[in-house]
2 protein chains.
Amino acid sequence: MSPKRPPRPLTLRDVSEAAGVSEMTVSRVLRNRGDVSAATREKVLTAARTLGYVPNKIAGGLASQRVNLVAVVIPSLSNMVFPEVLGGISAELDDTGLQPVVGVTHYSPAREDAVLYDMLSWRPTGVILAGLEHSKAARAMLDNAAIPVVEVMDIDGDPIDTAVGISHRRAGREMAEEILRAGYRQIGFIGTHMPEDHRARKRLAGFEERLAEAGVTLAAREFYQGGSSLLKGRELTQRILAREPHLDFLYYSNDMIGAGGLIWCLEQGIDIPGKLGLAGFNAVELLDGLPMRLATTDARRIDIGRRAARIVSGKEAAPENGIVALTPTFIPGDTIRRI
Amino acid sequence: MSPKRPPRPLTLRDVSEAAGVSEMTVSRVLRNRGDVSAATREKVLTAARTLGYVPNKIAGGLASQRVNLVAVVIPSLSNMVFPEVLGGISAELDDTGLQPVVGVTHYSPAREDAVLYDMLSWRPTGVILAGLEHSKAARAMLDNAAIPVVEVMDIDGDPIDTAVGISHRRAGREMAEEILRAGYRQIGFIGTHMPEDHRARKRLAGFEERLAEAGVTLAAREFYQGGSSLLKGRELTQRILAREPHLDFLYYSNDMIGAGGLIWCLEQGIDIPGKLGLAGFNAVELLDGLPMRLATTDARRIDIGRRAARIVSGKEAAPENGIVALTPTFIPGDTIRRI
DNA sequence: GTGAAAGCGCTAACAC
DNA sequence: GTGTTAGCGCTTTCAC
């Protein structure tokens, strides 16, 4: 029977008076700290529940100089990739008393700086952020914060403290390897035109590097702006094949456009993987429901989230060299010729 | 040239000493408050930047009794639906100085209570939460918080303060209307078995209600547990059609399983929409890339997020009756017969 | 097992 | 235009 819309939020003092014990005792009960007799404990809990008291973490955080927040800074939420990393983080944080707080940068370094500044002003316990490329300002802020920093997704570079992820260069190399082994030689690439998507860039670099070792050059490339959708994948595939009909393989920078391309090719009756092979990147769940399974690389998103969370929470020690390398896994699917 | 990893985070006092002015003046400059001479302003900003000072919002919030946070409580992030609502919220909050903080309940009322408790303990400026169904405890907490509460997605029920959304009952009715008009009569339903998915339940209720008015009864229904994926849509469609081959329409509780069903049907060479009609719900972007466009209802997710954010931020007054009703829009696509 | 006092880093209110 | 003082609601520390 709590009063409706009290003008002033309840404080510890209100509970303390209702229970007839000191504020300190109430505080102890509510945090399960120190010895409190079962009787007082019960009195306090009853009073708190009856009043509908919700502790004020702002005050608590200031007093204790500890805040149970982990800042998570990611480029996008509309990608399905980062929500999955987040899922891993959240799952692993669940029993630590830590809570993730998410900031989104939209792949903009300026926004990354702003988001970081904002999150750090809450004095979080640790920071998890995507990628290894950050502005000088961002690095300075993180240095000054004096808290654990885990950079996720990518390990090709120098981490501030610790990096957890896969080598995108290696993922690109390995995909090239598989494509070459299957005998494809006229290879096209379709990806985002995003100077800030460093991971896609590194994959492409590794990909071309391996092709070059086999004396093969990328026969065509098509870049696009904005988000990735099935529709965009269809359009880009149509366009690149119209321009370069001799292509026998298309490597997409992500599964979403890859799947769009696949659907379009099947509609056109193109012989896949015989006449044309296809591959994407990420191993998103979506692929399992399509008429044919797109070849791809599992980017280990959930594992990345979990390991990162384990490290910021102290469950797991950060490695000496600062790098936790997970293995990108090639998934053959049905769109690369078997030999 | 900031020192590396200082043992103690910087405070206002450090900036104050470096700039040779009072803490209060520093505070004013950093918040753009009150009159400060251009000269002092410059001195302070330089000092703050050089040191790499990041204000402590914990302390600021406690002192000012104001926190620029909006709690957003949603059931899931793996759905693509809620991230879009979030996108609308975030876009509209962008120029208000308010910041969304997200909590996820996984459709569990117990977790909703826990998440709310946790978020309210940060004393946010307002709360946006999905749905109108909440525990007594949750309602009590929200009442006590004495801050604006906007419930989103659904308007079929009694809002605490304000509800922004569509009527799912109406969305269900209108889809039934369209299906009946097209002449389908042997109608099956496929949806999640989630007692806590009130919106899906209300849609189904409205759907059956309208069918009943036309003397039509649902010919079959299939429920499933867990998340929605293309794969699940394929399996369920196969199963329901094996059991009830006479069905001439399938109404899915969301586009993801609907799209999976559509793909499977096309693979089987089933005549769509002639022999079998299909419809989903949500109007997700995915549908635009499929070989055939699934009929669906636009649930107005982004608009819902925007309006909700406008209301918590005070940009827009909450309506007298507490209900902001958006119109669910029927999208015919290609999977319902034209007449 | 419980309580009293001090203070976390800021900002509101007011003085100058 | 700038400074001083008090205090936000807790927790730390220490006393009993």
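What the table shows:
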{"item": "Some residue of the stretch B:269-285 being assigned to a helix (DSSP H, G or I) and either in contact with a strand residue (DSSP E or B) (Cβ under 7 Å, 6 or more places away or on another chain) or outside the structural domain of B:Ile179 (by TED's automatic domain parsing) (or both)", "result": "no"}
{"item": "Filter result for the condition that a residue is within 18 Å of the chain's Cα centre (by Cα), outside any strand (DSSP E or B) and either within 11 Å of another protein chain (Cβ to nearest Cβ) or farther than 23 Å from B:Trp122 by Cβ (or both), over A:Asp143, A:Asp118, A:Asp156", "result": "A:Asp156"}
{"item": "Given (1) touching a residue at least 24 places away in the same chain (Cβ under 8 Å); (2) facing chain B (nearest Cβ under 8 Å); (3) surrounded by fewer than 22 Cβ atoms within 10 Å (Cβ to Cβ), number of the condition A:Leu62 does not satisfy", "result": "(1)"}
{"item": "Residues that are surrounded by fewer than 19 Cβ atoms within 10 Å (Cβ to Cβ) and either assigned to a strand (DSSP E or B) or outside the structural domain of B:Ile257 (by TED's automatic domain parsing) (or both), drawn from the stretch B:286-297", "result": "none"}
{"item": "In the stretch A:59-79, the residues that are β-branched (Val, Ile, Thr) and either out of contact with any Lys or Arg (no Cβ under 8 Å at 6 or more places or on another chain) or near DNA strand D (Cβ under 7 Å from one of its atoms) (or both)", "result": "A:Val70, A:Val72, A:Val73, A:Ile74"}
{"item": "Pairs where the first residue, in the stretch B:30-59, is within 12 Å of B:Leu12 (Cβ to Cβ) and the second is open to solvent by 70 Å² or more (accessible area, probe 1.4 Å), C-beta under 8 Å, 6+ apart", "result": "B:Val54/A:Tyr117"}
{"item": "Residue that is farthest from DNA strand C (Cβ to nearest atom), among those in the stretch B:35-45 that are open to solvent by less than 70 Å² (accessible area, probe 1.4 Å) and closer than 26 Å to A:Asp143 by Cα", "result": "B:Leu45"}
{"item": "Odd one out for B:Val104 among (1) open to solvent by 20 Å² or more (accessible area, probe 1.4 Å); (2) at pLDDT 95 or above; (3) under 16 Å from B:Glu151 (Cα atoms)", "result": "(2)"}
{"item": "Residue within the stretch B:131-142 that is acidic (Asp, Glu) and either closer than 23 Å to A:Glu285 by Cβ or open to solvent by less than 40 Å² (accessible area, probe 1.4 Å) (or both) present", "result": "no"}
{"item": "Subset tally (residues that are more than 11 Å from chain A (Cβ to nearest Cβ), within 8 Å of DNA strand C (Cβ to nearest atom), open to solvent by less than 80 Å² (accessible area, probe 1.4 Å) and within 41 Å of the chain's Cα centre (by Cα)) for the stretch B:16-34", "result": "3"}
{"item": "Some residue of the stretch A:83-92 being without any contact (Cβ under 8 Å) to a residue 60 or more places away in the chain, at the interface with another protein chain (Cβ under 8 Å from one of its Cβ atoms) and part of a loop (DSSP other than H, G, I, E, B)", "result": "no"}
{"item": "Matching residues, the stretch B:101-115, being touching a residue at least 40 places away in the same chain (Cβ under 8 Å) and either facing chain A (nearest Cβ under 10 Å) or part of a loop (DSSP other than H, G, I, E, B) (or both)", "result": "B:Tyr107, B:Ser108, B:Val115"}
{"item": "Tally, over the stretch B:227-263, of residues that are assigned to a helix (DSSP H, G or I), within 14 Å of chain A (Cβ to nearest Cβ) and open to solvent by less than 30 Å² (accessible area, probe 1.4 Å)", "result": "12"}
{"item": "Complete set of residues in the stretch A:264-277 that are open to solvent by less than 10 Å² (accessible area, probe 1.4 Å) and without any contact (Cβ under 8 Å) to a residue 40 or more places away in the chain", "result": "A:Cys265, A:Leu276"}
{"item": "Number of the condition not met by B:Tyr53 [criteria: (1) within 10 Å of chain A (Cβ to nearest Cβ); (2) surrounded by fewer than 19 Cβ atoms within 10 Å (Cβ to Cβ); (3) within 13 Å of DNA strand C (Cβ to nearest atom)]", "result": "(2)"}
{"item": "Qualifying positions in the stretch B:121-140 - modelled with pLDDT of 95 or more and facing chain A (nearest Cβ under 7 Å)", "result": "B:Ser121, B:Trp122, B:Arg123"}
{"item": "Number of the condition not met by A:Leu86 [criteria: (1) away from DNA strand C (no atom under 16 Å from the Cβ); (2) aliphatic (A, V, I, L, M); (3) open to solvent by less than 10 Å² (accessible area, probe 1.4 Å); (4) more than 21 Å from B:Gly97 (Cβ to Cβ)]", "result": "(3)"}
{"item": "Odd one out for A:Asp95 among (1) more than 9 Å from chain B (Cβ to nearest Cβ); (2) within 16 Å of the chain's Cα centre (by Cα); (3) not aliphatic (A, V, I, L, M)", "result": "(2)"}
{"item": "Hits in the stretch B:100-115 - residues which are of a type outside the set (A, V, I, L, M) and over 16 Å from the mean Cα position of the chain (by Cα)", "result": "B:Pro109, B:Arg111, B:Asp113"}
{"item": "Residue count for the stretch A:185-226, restricted to those that are part of a helix (DSSP H, G or I) and either out of contact with any helix residue (DSSP H, G or I) (no Cβ under 7 Å at 6 or more places or on another chain) or within 14 Å of chain B (Cβ to nearest Cβ) (or both)", "result": "6"}
{"item": "All positions within the stretch B:65-79 that are open to solvent by less than 50 Å² (accessible area, probe 1.4 Å) and more than 7 Å from every other protein chain (Cβ to nearest Cβ)", "result": "B:Asn68, B:Leu69, B:Val70, B:Ala71, B:Val72, B:Val73, B:Ile74, B:Pro75, B:Ser76"}
{"item": "Verdict on B:Leu120 being within 16 Å of DNA strand C (Cβ to nearest atom) and of a type in the set (A, V, I, L, M, F, W, C)", "result": "no"}
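The values are calculated or read from the model by the stated rules, or taken from the named source; none is laboratory data. Bear in mind the structure is a predicted one, so any value in this text is a computation, not a measurement. Methodologically, a virtual Cβ is constructed for each residue, glycine included, from the backbone with ideal geometry; neighbour enumeration extends over all protein chains shown. Keep in mind that these areas ignore ligands, DNA and RNA; they rest on the heavy atoms of the full protein, side chains included. Shrake-Rupley method; radii C 1.70, N 1.55, O 1.52, S 1.80 Å.
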